[in-house]
Amino acid sequence: MRLCGSTFERITLMARLDIPDSVDETPQASHAILEQIGKRLGFVPNLHRLMAVSPDVLSGFIALQTALDRTLDARTRDTVALTVSQANGCNYCLGAHSYVAAKFNGTDAEEIALAREASPPIPVIARRGRSLVV
Amino acid sequence: VTDDDLSAVREAGITDKEIVEIVALSAQFLLTNVATRP
């Protein structure tokens with residue numbers, strides 16, 4: 001079991017790659033995508049600024065994400081995000097996906113907790129049944 | 001994912017198309033997990 005806030009976790013969760021502090025510090029070829037993200041979210045997340053160091057990685061990731069945003073339903077996608085992030089111990093991702101699930105997709109705290117307990121997500125999705133997958 | 005997991009999800013009405021989408025989403029989130037905590 002992982003202990004949140006432990007010295008071990010604080011050390012291991014620190015990113016070891018340098019994340020550009022701003023869009024200006026990323027390659028010019030990444031700027032258009034980052035500016036779109038900034039307009040949509042009101043800020044540019046660390047994840048996107050990191051990927052932006054390679055414009056090809058950033059554009060490939062955005063294409064994948066855009067296509068997969070059309071699959072399943074938002075709450076099922078949240079379940080997958082939470083279970084995968086829990087399995088990988090990514091607290092940054094867990095925080096982001098928990099916030100999105102609760103704030104924008106109407107997922108309650110119990111459902112978020114259930115998703116975080118399961119790995120892989122298939123059993124949770126099976127338990128919810130057909131009605132939750134639109 | 002075990003065979004029992006796969007059977008359970010199919011019995012719940014999830015199609016193979018949706019299972020493939022779940023696998024693809026899992027790969028996408030694995031990528032973001034790794035990128036965020038390299």
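Within the bounds of the range A:88-101, is there any residue that is farther than 17 Å from A:D73 by Cα, at pLDDT below 80, part of a loop (DSSP other than H, G, I, E, B) and not basic (K, R)? Within the range A:88-101, not a single residue is farther than 17 Å from A:D73 by Cα, at pLDDT below 80, part of a loop (DSSP other than H, G, I, E, B) and not basic (K, R). Among the conditions (1) buried (at least 17 other Cβ atoms within 10 Å of the Cβ); (2) within 14 Å of another protein chain (Cβ to nearest Cβ), A:I62 misses just one, which is (1). In the list A:L72, A:L47, A:L82, which residue meets the criterion of being within 10 Å of chain B (Cβ to nearest Cβ), crowded, with 17+ Cβ neighbours inside 10 Å, in a loop (DSSP other than H, G, I, E, B) and not hydroxyl-bearing (S, T, Y)? Answer to the selection: A:L72. A:L82 - would you say it is at pLDDT 90 or above, touching a His at 6+ places or on another chain (Cβ under 8 Å) and under 20 Å from A:L17 (Cα atoms)? For A:L82, the condition - at pLDDT 90 or above, touching a His at 6+ places or on another chain (Cβ under 8 Å) and under 20 Å from A:L17 (Cα atoms) - is not met.
Could you look through chain B, keep only residues that are surrounded by fewer than 16 Cβ atoms within 10 Å (Cβ to Cβ) and among the polar types (S, T, N, Q), and pick out the one that is nearest to A:R70 (Cα to Cα)? Among those residues, the one meeting the criterion is B:T15.
The values are calculated or read from the model by the stated rules, or taken from the named source; none is laboratory data. A quick note: this is a predicted structure, and the numbers were derived from the prediction, not measured. Cβ: placed from backbone, ideal geometry, glycine included. Neighbour counts: every protein chain shown.
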